[in-house]
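The values are calculated or read from the model by the stated rules, or taken from the named source; none is laboratory data. Computed from a predicted structure; not experimentally measured. Methodologically, a virtual Cβ is constructed for each residue, glycine included, from the backbone with ideal geometry; neighbour enumeration extends over all protein chains shown. Accessible surface is based on the protein model in full, side chains and every heavy atom, while ligands, DNA and RNA are left aside. Shrake-Rupley method; radii C 1.70, N 1.55, O 1.52, S 1.80 Å.
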Amino acid sequence: MAGGSFGPSGVAKERADQYQGKVTFYVIVSCIVAAVGGSIFGYDIGISGGVTSTDAFLKKFFPTVYRNKMHAHENNYCKYNNQGLAAFTSSLYLAGLVSSLVASPITRNYGRRTSILCGGISFIVGATLDAAAVNLVMLILGRIMLGVGIGFGNQAVPLYLSEMAPAHLRGGLNMMFQLATTLGIFTANMINYGTEKIQPWGWRLSLGLAAAPALLMTTGGLFLPETPNSLIERGYTEKGRKNLEKIRGTKSVQAELQDIVDASELAKSIEHPFRNILERRNRPQLIMAIFMPTFQILTGINSILFYAPVLFQSMGFGRNASLYSSAMTGAVLASSTVVSIVTVDRWGRRALLIGGGIQMIICQVIVAIILGLKLGTDKELSKSFSILVVVVICLFVAAFGWSWGPLGWTVPSEIFPLEIRSAGQSITVAVNLFFTFIIGQSFLSLLCALKFGIFLFFAGWITIMTIFVFLFLPETKGIPIEEMIFLWRKHWFWKRIVPSSPVADESIQSNSIE
């Protein structure tokens with residue numbers, strides 16, 4: 001355990017202005033390959049809603065839902081309300097929650113690359129089981145294996161990207177994970193649109209094709225270099241130095257290397273990262289690890305993306321029109337993420353989060369008003385109002401795509417000191433998947449109970465999270481990942497909680513690397 005007056009103190013002084021290096025082709029290719037891990041997460045989000053509104057799939061596994069769907073005068077908000085159907089969607093995220101915690105010691109002790117490989121293999125197994133499912137048990141088992149893959153992938157990939165990227169471009173490169181996620185969603189929506197015409201086994205193709213991005217992730221993982229931070233943390237200092245020189249394109253990496261070595265010395269002294277993360281000096285990071293992923297899910301985005309075809313059908317859209325509309329939202333999400341990649345290291349994290357939050361609040365309120373006044377429980381929207389709803393939902397998705405979508409992952413992955421980084425990312429992923437599970441399991445029931453009020457429910461949460469960012473999140477743009485601790489010591493609120501200097505800062509100096 002860390003503590004006492006003679007232990008390693010971590011990064012003792014700021015050296016950011018001494019960092020050298022450039023963006024190399026090597027680091028960009030590595031980040032792109034690693035970011036493919038995000039596409040397995042996105043593909044599943046996009047594919048679930050399309051499959052769960054397919055007649056052949058419902059007939060085989062959820063006949064009660066199929067009969068409700070066929071009723072001529074069903075309640076618009078309640079026709080898909082079935083806990084078994086919700087369990088199909090959300091069981092994956094419960095499995096992902098557990099596996100993300102298991103992934104933490106593996107990522108720390110065996111490297112980020114090992115966890116990426118574990119995630120890819122698990123996802124391939126899950127996709128195979130789901131595509132071949134002959135009963136509900138096999139279907140759910142496949143979902144659980146997919147969850148294991150997502151737990152490992154989401155735990156390791158954002159860490160990998162944050163550690164490989166140079167500080168001044170870390171935001172943009174880290175967001176490749178979210179871009180891959182959004183492209184996975186869009187691809188899944190288009191596949192849903194195509195497989196709808198393949199009866200009665202099109203849904204099997206949709207589920208089975210999840211193995212394609214997982215295969216890319218696994219194959220790429222075999223050739224990815226390990227991050228210098230992970231190598232040095234595990235004692236491979238010289239190999240870590242060579243990797244750092246290679247990814248920065250220069251031999252002059254002394255300042256960054258010293259920061260990593262200082263951080264790794266402290267990391268090696270920590271026997272129980274999950275216990276250490278509860279210490280007062282790590283309080284701000286722990287708060288962000290819990291609240292950022294919680295707020296990301298409480299924007300309501302996953303509800304829209306999970307159930308986009310179901311949601312649009314509930315509003316009176318036809319089967320093909322609903323799939324087309326959800327494909328459109330997937331395209332908007334992917335394109336808006338590109339906007340975030342371009343602007344995040346110029347405008348900063350706070351500006352995007354606050355601006356995106358305001359736009360999402362306005363959109364949620366507008367949709368609630370339209371549905372409340374024009375839809376009811378047994379009517380259909382007119383063509384003009386249907387188009388307006390799709391446009392406003394696309395504006396909501398766009399706001400999420402350049403704000404909370406990528407930054408909900410980027411910010412937590414870049415703020416933790418090395419000694420608790422893997423544990424911190426596990427908490428982030430576990431919290432994200434826990435709330436994804438809760439919303440996924442309860443959304444259809446909430447839609448049935450709250451009706452159009454579901455959009456006001458999410459608007460309220462977005463208001464809270466926007467205020468939270470304004471008050472409590474410092475700007476992390478351009479700050480080296482191993483020097484984030486200094487940021488909390490300068491913040492108006494967190495400086496009251498975080499010690500002004502590392503333990504033993506005055507009594508021991510870090511060993512210099514010659």
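Within the stretch 350-370, being among the polar types (S, T, N, Q) and at pLDDT below 95 holds for one residue alone: Q364. When restricted to residues that are within 23 Å of A398 (Cβ to Cβ) and more than 13 Å from the chain's Cα centre (by Cα), the stretch 170-213 contains 12. In the stretch 416-427 there is no residue that is of a type in the set (S, T, N, Q), more than 22 Å from E163 (Cβ to Cβ), at pLDDT 90 or above and open to solvent by less than 10 Å² (accessible area, probe 1.4 Å).
Among the numbered conditions (1) in contact with a Leu (Cβ under 9 Å, 6 or more places away or on another chain); (2) hydrophobic (A, V, I, L, M, F, W, C); (3) under 17 Å from T52 (Cα atoms); (4) assigned to a helix (DSSP H, G or I), the only one that V137 does not meet is (1).
Exactly one residue out of G460, G478, G405 is part of a loop (DSSP other than H, G, I, E, B), within 30 Å of K495 (Cα to Cα) and not aromatic (F, W, Y), and it is G478. All of (1) surrounded by 22 or more Cβ atoms within 10 Å (Cβ to Cβ); (2) at pLDDT 80 or above; (3) among the hydroxyl-bearing types (S, T, Y) hold for S53 with one exception: (2).
In the stretch 337-379, the residue that is nearest to I185 (Cα to Cα) out of those that are open to solvent by less than 10 Å² (accessible area, probe 1.4 Å) and of a type outside the set (A, V, I, L, M, F, W, C) is T337.
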